[in-house]
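Heads up, the thing below is written out as structure tokens.
The values are calculated or read from the model by the stated rules, or taken from the named source; none is laboratory data. The shown structure was predicted, so the numbers you read here are calculated from the model rather than taken from an experiment. No Cβ is skipped: glycine too gets one built from the backbone with ideal geometry, and neighbour counts run over all protein chains shown. These accessible areas exclude ligands, DNA and RNA; they are computed on the full protein's heavy atoms, side chains included. Shrake-Rupley method; radii C 1.70, N 1.55, O 1.52, S 1.80 Å.
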Amino acid sequence: MNSKVSKAFHSADSLQQLASEIVRYARQQGASASATEVSEGFGQTVTVRQGAVETIEYNRDKGMSVSVYIGQRRGNASTSDFSKKAVRDTVDAALNIARYTAEDDCAGLPDADQLATEFPDLDLHHPWEINVEQAIQLASECEQAAFKADKRINNSEGATVNISEGRFVQANSLGFIGGYPASRHSVSCSVIAGKGDGMQRDYWYGSARDAREILKVEEIGRIAAERTVRRLHARKLDTLQCPVLFEAPVAAGLIGHFVGAVSGGSLYRKSSFLLDQLDKPVFSKNIRIDDVPDIPRGLGSSAFDDEGVRTRRRAIVEAGVLRGYFLGSYSARKLGMQTTGNAGGTHNLIVQPGPLDFNGLLRQMQRGLLVTELLGHGVNPVTGDYSRGAAGFWVEHGEIQYPVEEITIAGNLKDMYKHIAAVGNDVLVQGSRQCGSVLVESMMVAGR
């Protein structure tokens, strides 16, 4: 087995030179403005199932995309070939598209004074120097930890070790050029307990820029097993109205719906349930949400957005009041506003935790539903109507009583947000959205 695959990248200087040449050539061919991104990446994924290697995957990717403008007509093209001819052909193709595209008075590069000029080291690149054999060993140890944790674990969907690294450079005709290397690694495990109709599965994972910050593989396996066996012998509920506690991993999804509703595309298309809510209360008063782009090793950290606009810390929600949108240059112009440095999305979105831990939230809820898994996509982004299949646990007297399944929770996001009773301090950093468990005062729970 070839256990080593070269991860050698182009140097930062060579990518910057390529990006500069693309912009220069676009200008020579008649573009009034242009922007490009060149990138390359490496990935290695190993999955072990039932003690045997199931998959070993490698990927090496590279790509170049270019957007050109002829006045306010835009064309875009891309290639994975970095040869001089292919790059020039790609720029020519983008120009041909622009010539036949209708003018758009909001099209164009960001304003020059919005572009990043400082590039702090955010410590985003941490190579994980393990070969395939070592990755197999880690995955095996993770899966075995799950089997050892409880004898009721009788099957596995596998344990996976993933390594990912890359580098990119952006440039535009206003003089901006910037880029950096980055990494993101993960370990996951999914196992099964029970038999027949009583089978249950669950999983756990860790993800970080630096593999040393991921939970030990034995812990990931153990947690996956514990989460699985606690779901055995699940019951159904009668239909009722009650408080609902969203466990931290699923609570981040609630915040995701909010992000979509206050992002530029949804706002200028008027397809958002939070239209015209700037500087108005949209959450309960105990909610604060910040967009923080400069956390060292943060999974959403960056000194600039996808257009090269500098990023900055912003309070998005203060005391429940919406203070900011997520806008790139195009959507900002559509709305008559300024870009917020969010072309490409949010950065590290942090929901301020409250004083209570997970058990404290259970005690505050006293009686209600703890949701640990959501199913389906029953969310209307225009009205905010929310209806999702769910599984979790019934809580009485502030303590978990038994697992439940085959239920549906329903409400409207506008009401749900305004009736968040508490956010826990049990924050999990598994992605760019950081949120503890969220307690909603009341929702409809449909059962048998």
If we ask which residues in region 336-369 are in a helix (DSSP H, G or I) and farther than 21 Å from LEU413 by Cβ, their number turns out to be 6
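Please enumerate the residues belonging to region 91-130 that are small (Gly, Ala, Ser) and in contact with a strand residue (DSSP E or B) (Cβ under 9 Å, 6 or more places away or on another chain).
As a first pass, look at region 91-130 and keep what is small (Gly, Ala, Ser): 93-94, 98, 102, 107-108, 112, 116.
Residues satisfying the conditions are ALA93, ALA94, ALA98, ALA102, ALA107, GLY108, ALA116.
Condition (residue is buried (at least 19 other Cβ atoms within 10 Å of the Cβ) and touching a helix residue (DSSP H, G or I) at 6+ places or on another chain (Cβ under 9 Å)) applied to region 358-366: is it met by at least one residue?
Of region 358-366, the ones buried (at least 19 other Cβ atoms within 10 Å of the Cβ) are 361-362, 365.
With the extra rule that they be touching a helix residue (DSSP H, G or I) at 6+ places or on another chain (Cβ under 9 Å), the set shrinks to none.
The answer is no, given that none of the residues of region 358-366 is buried (at least 19 other Cβ atoms within 10 Å of the Cβ) and touching a helix residue (DSSP H, G or I) at 6+ places or on another chain (Cβ under 9 Å).
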Of the residues in region 406-416, those that are hydrophobic (A, V, I, L, M, F, W, C), crowded, with 17+ Cβ neighbours inside 10 Å and within 19 Å of ARG448 (Cα to Cα) come to ILE407, ILE409
For region 343-352, the count of residues that are open to solvent by 50 Å² or more (accessible area, probe 1.4 Å) and either in contact (Cβ under 8 Å) with a residue 40 or more places away in the chain or under 14 Å from LEU267 (Cα atoms) (or both) equals 1
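Of all residues in region 314-342 being among the aliphatic types (A, V, I, L, M) and in contact (Cβ under 8 Å) with a residue 60 or more places away in the chain, which is farthest from PRO110 (Cα to Cα)?
To start, the set of residues in region 314-342 that are among the aliphatic types (A, V, I, L, M) comprises 315-317, 319, 321-322, 327, 332, 335, 337.
Among the residues that remain, those that are also in contact (Cβ under 8 Å) with a residue 60 or more places away in the chain are: 322, 327, 332, 335.
Details: LEU322: 25, LEU327: 12, ALA332: 10, LEU335: 15 Å.
So, considering only residues that are among the aliphatic types (A, V, I, L, M) and in contact (Cβ under 8 Å) with a residue 60 or more places away in the chain, the one farthest from PRO110 (Cα to Cα) is LEU322.
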ASP81: passes all of (1) open to solvent by 30 Å² or more (accessible area, probe 1.4 Å); (2) in contact with a strand residue (DSSP E or B) (Cβ under 7 Å, 6 or more places away or on another chain); (3) not in a helix (DSSP H, G or I) but (2)
Being open to solvent by 10 Å² or more (accessible area, probe 1.4 Å) and under 16 Å from ARG235 (Cβ atoms) narrows PRO403, PRO381 down to just PRO403
- Query: Got at least one residue in region 221-239 being open to solvent by 50 Å² or more (accessible area, probe 1.4 Å) and under 24 Å from GLN434 (Cβ atoms)?
  - Reply: yes
Going through region 303-335 in order, the residues found to be part of a loop (DSSP other than H, G, I, E, B), more than 14 Å from PHE176 (Cβ to Cβ) and open to solvent by less than 70 Å² (accessible area, probe 1.4 Å) are ALA319, GLY320, GLY324, TYR325, LEU327, GLY328
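Per-residue answers, yes or no, for (1) part of a helix (DSSP H, G or I); (2) under 30 Å from ILE130 (Cα atoms):
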position: ARG60; (1), (2): no, yes
position: TYR69; (1), (2): no, no
position: ALA77; (1), (2): no, no
position: LYS85; (1), (2): yes, no
position: ASN96; (1), (2): yes, no
Is region 168-175 home to any residue that is farther than 19 Å from MET64 by Cα and either part of a strand (DSSP E or B) or not acidic (Asp, Glu) (or both)?
-> no
